[in-house]
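J.: Here it is: the structure, laid out below.
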Amino acid sequence: MTDQPFQPPQSVRTEAGSTVPYPEVVGPRGQRFQVLSLALAFTSGLVVQANQPDSDDSESSESGDEAAELPSHAIGSFGVDFNATVRFVGNEAWKIGWVQTVESADFWVLYRNGARAARQRTKLPQRMRDSDTRKGCWYGDESREKADPAKPVTISLMDDPVVPFHHPRHTGGPGLAALVDWTPAGCGGEKEFWTWLVAVREDANHQPMDVVYLHHTHWKVMFDCVIHGDADKPTANVPATSGVVLLSEGVGQGGATPALDGRGVLPRDEVNQVEDLPDEQQ
């Protein structure tokens, strides 16, 4: 695979959401790509919602034991909504769309049992491709289109990261038996992402051979809230600083390289542990 040999000058910027075209980007064999419009929407805040696990994930163990009960709820972000329209000039088969990488992460849910408190601490040990498609490097099947010299293509990406939790009582699971019947009380930590608008020339197996970086966005979600409510309906108090934070965005690849191969990250890639809190943190 070859990355584009040319990067637009980093001093060139067009305000996100503007309809003024971005600079034209030249591909490895003279193809031309131009972002005609780009809208990067970020919404702060967090909300309690029903947990909706990834349908591709399997929580069953290799030994055939009964799967642990999935968390019933989640602290969800309002997320991001990216939309771009891109013009293509060339005669090769290219696709244009969004790819995303999630960085290593560290977040937790606080549970209480009377005067005692502990965290279910969750870590993603390594950065991974963030995707729900089995073909190619894309964030999703809906987030890429075939480049068409006859007309510009419009592609979108929506993402709303969450932190799952058990309500009204923790139901346990591998390594989490100490939290059975404990009550959720709060959450913290963050998840960090890089998202790229790219043009890709794929091989017969949908693997990237050429990649042209059109735009990059670096963002994260800050999870910080107090969980309460009755047994039927959890609620949360959320500080104004919680939710999506834009770290940087601009033309070209930016300061990171995407994970373009391997499967997309799933809950089973995360490592969970129980972290007892000393009295002064309760």
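J.: Could you count how many residues in segment 186-207 are part of a strand (DSSP E or B) and modelled with pLDDT under 95?
T.: Selection size over segment 186-207: 0.
J.: Name, by its number, the condition in (1) free of Cβ contacts under 8 Å to residues at least 60 places away in the same chain; (2) over 14 Å from the mean Cα position of the chain (by Cα); (3) open to solvent by less than 50 Å² (accessible area, probe 1.4 Å) that does not hold for residue 111.
T.: Tallying (1) free of Cβ contacts under 8 Å to residues at least 60 places away in the same chain; (2) over 14 Å from the mean Cα position of the chain (by Cα); (3) open to solvent by less than 50 Å² (accessible area, probe 1.4 Å), residue 111 fails exactly one: (1).
J.: Please give the number of the condition residue 209 fails out of (1) open to solvent by 30 Å² or more (accessible area, probe 1.4 Å); (2) aliphatic (A, V, I, L, M); (3) under 29 Å from residue 164 (Cβ atoms).
T.: Here residue 209 clears every test but (3).
J.: Same structure again: Can you pull out every residue in segment 220-234 that is surrounded by fewer than 13 Cβ atoms within 10 Å (Cβ to Cβ) and small (Gly, Ala, Ser)?
T.: Hit for segment 220-234 is 231, nothing else.
J.: Okay, moving on. With the requirement that a residue be more than 18 Å from residue 84 (Cα to Cα) and of a type in the set (Val, Ile, Thr), what does segment 148-166 give you?
T.: 162, 163
J.: Identify the single condition in (1) at pLDDT below 95; (2) within 30 Å of residue 181 (Cβ to Cβ); (3) not basic (Lys, Arg) that residue 47 does not satisfy, given that it satisfies every other one.
T.: Going through (1) at pLDDT below 95; (2) within 30 Å of residue 181 (Cβ to Cβ); (3) not basic (Lys, Arg) one by one, residue 47 breaks only (1).
J.: So which residues in segment 115-125 are within 13 Å of residue 105 (Cα to Cα) and more than 14 Å from the chain's Cα centre (by Cα), if there are any at all?
T.: The answer is 121, 122, 123, 125.
J.: Additional query: Would you check if residue 39 is part of a strand (DSSP E or B) and modelled with pLDDT under 95?
T.: Taking the combined requirement at face value, the residue satisfies it.
J.: Please enumerate the residues belonging to segment 75-100 that are in contact with a Ser or Thr (Cβ under 6 Å, 6 or more places away or on another chain) and either at pLDDT below 95 or open to solvent by less than 10 Å² (accessible area, probe 1.4 Å) (or both).
T.: Selection gives 97, 98, 100.
J.: I'd like to know if segment 132-144 contains one or more residues that are at pLDDT below 95, over 17 Å from residue 81 (Cβ atoms) and open to solvent by less than 20 Å² (accessible area, probe 1.4 Å).
T.: yes
J.: Inside segment 148-176, can you point out the residues that are of a type in the set (Asp, Glu) and open to solvent by 40 Å² or more (accessible area, probe 1.4 Å)?
T.: Hits for segment 148-176 are 148, 160.
J.: Give the residues of segment 217-238 that are in a strand (DSSP E or B) and over 14 Å from the mean Cα position of the chain (by Cα), sorted by residue number.
T.: 225, 226, 227, 228, 229, 234, 235, 236, 237
J.: Among (1) within 22 Å of the chain's Cα centre (by Cα); (2) open to solvent by less than 50 Å² (accessible area, probe 1.4 Å), where does residue 261 come up short?
T.: Only one criterion is unmet by residue 261, namely (2).
The values are calculated or read from the model by the stated rules, or taken from the named source; none is laboratory data. Worth saying up front: this structure is predicted, and the values here are computed from it rather than measured. Every residue, glycine as well, gets a Cβ built from its backbone with ideal geometry; the counts of neighbours run over all protein chains shown. For accessibility, only protein heavy atoms count, side chains too; no ligands or nucleic acids. Shrake-Rupley method; radii C 1.70, N 1.55, O 1.52, S 1.80 Å.
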